[in-house]
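Data first, discussion second: the structure below is written as structure tokens.
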Amino acid sequence: MEHSGQKLDKYYIKKVDADKKSIYCHHDLMGELFVPPHRHNKAQMLYAEGDVVFVTTETKTYFLPARHFIWIPSGVEHSIEPKSESVTMRNLYFPVEKNEDEFYQVEGIYPVNNLLLQMMLFTNRWNGDLKKGTPNFAIAKAIKAILPQICTNNLPLELPQPKDKRLSKILRYIENNLGETILFADVAHEFGYSERSLYRLFQKDLKMSFIQYYTIRRILKAIELLLERKLSVKEVALEVGYSSVPTFSNTFFKILGQRPSDYLNGEDIL
């Protein structure tokens, strides 16, 4: 616990709630690869640049790609794990207000359009408490105020955490074989289940089917590969088990709202 507390001190976390009425701002190059589980009374807006960030709550692991932000409501315990030390995280922490829009009560990942990006970049030199009555506080509050209006596409970039140890083994198998076409019947046979019983296990523990989990995991891996900019769209499709580029492109579009070629070229989602 002491080590974890030292980590939280290092990553400014305890300062977030020190002034209950301020908007707290922190922008920094990550430098390390893990911020341990913590929670705060203020809601958090975390925007990532440079690479992928994994945000894990008690029930889900969120996959935050570059050029997106995650909204974490007040009181939600979470850890933060960037994929690389080169990730820059821009954080704004907002006090909870009375009668807030439902948007602020729900965890979610959203693409950042040009308007929001410019507003976030405007905060680049800020750090620490933004006091009510100052221009910086007003600008930060305006960022929060526009979110429900411009962020209507909550992307399904999260996977539930398995509770059943039997399912954990199966998910590791999927993770280790994303480059292959994995058939549900083969997975059931490999682990000694009937298809019916394995289907029930997925639904009971993860609240989703095998194919839903498998599809999302493949697309999340594809996003990682596209962000690395080392492979073509066709090569990325093959790396995550798609022999058909059109099928891969259509599946990617259904989940992320744009084609992988657009994502590779860095075009805006909105």
### Task
Scan (1) crowded, with 18+ Cβ neighbours inside 10 Å; (2) part of a helix (DSSP H, G or I) for the single condition Ala145 breaks and write down its number.
(1)
### Message
Please go through segment 89-116 and give me each residue that is exposed (fewer than 15 other Cβ atoms within 10 Å of the Cβ) and part of a helix (DSSP H, G or I), ordered by number.
### Response
Glu102, Gln105, Asn114, Leu115
### Message
Please go through (1) modelled with pLDDT under 90; (2) over 21 Å from the mean Cα position of the chain (by Cα) for Asp186 and return the number of the only condition it doesn't satisfy.
### Response
(1)
### Query
Which one is most open to solvent (accessible area, probe 1.4 Å) among residues in segment 213-230 that are modelled with pLDDT under 90 and within 15 Å of Ser261 (Cβ to Cβ)?
Arg229
### Query
If you scan segment 242-262, which residues turn out to be open to solvent by less than 50 Å² (accessible area, probe 1.4 Å) and either of a type in the set (D, E, K, R) or in the same structural domain as Phe54 (by the TED database) (or both)?
Asp262
### Message
Anything in segment 68-83 that is more than 11 Å from the chain's Cα centre (by Cα) and either surrounded by 15 or more Cβ atoms within 10 Å (Cβ to Cβ) or touching a residue at least 40 places away in the same chain (Cβ under 8 Å) (or both)? List them, or say none.
### Response
Pro73, Ser74, Val76, Glu77, His78, Ser79, Lys83
### Query
Just one of the numbered conditions (1) open to solvent by 70 Å² or more (accessible area, probe 1.4 Å); (2) within 19 Å of Leu64 (Cα to Cα); (3) not basic (Lys, Arg) is not true of Glu239; which one?
(2)
### Message
Checking the condition modelled with pLDDT of 95 or more and not aromatic (Phe, Trp, Tyr), which residue from Lys165, Lys83, Lys144, Lys132 passes?
### Response
Lys144
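Out of everything in segment 33-55 that is in contact (Cβ under 8 Å) with a residue 60 or more places away in the chain and more than 11 Å from the chain's Cα centre (by Cα), what residue ends up being farthest from Ile146 (Cα to Cα)?
In the first step, residues of segment 33-55 are kept if they are in contact (Cβ under 8 Å) with a residue 60 or more places away in the chain; the result is 43, 45, 47, 51-52.
From what's left, more than 11 Å from the chain's Cα centre (by Cα): 43, 45, 51.
Details: Ala43: 15, Met45: 13, Asp51: 25 Å.
Here the residue is Asp51.
The values are calculated or read from the model by the stated rules, or taken from the named source; none is laboratory data. Just so it is clear, the model here is predicted, and its values are computed rather than measured. When we count neighbours, we look across all protein chains shown, and the Cβ atoms used for this are built from the backbone with ideal geometry, even at glycine. With ligands, DNA and RNA removed, areas are computed over all heavy atoms of the protein, side chains included. Shrake-Rupley method; radii C 1.70, N 1.55, O 1.52, S 1.80 Å.
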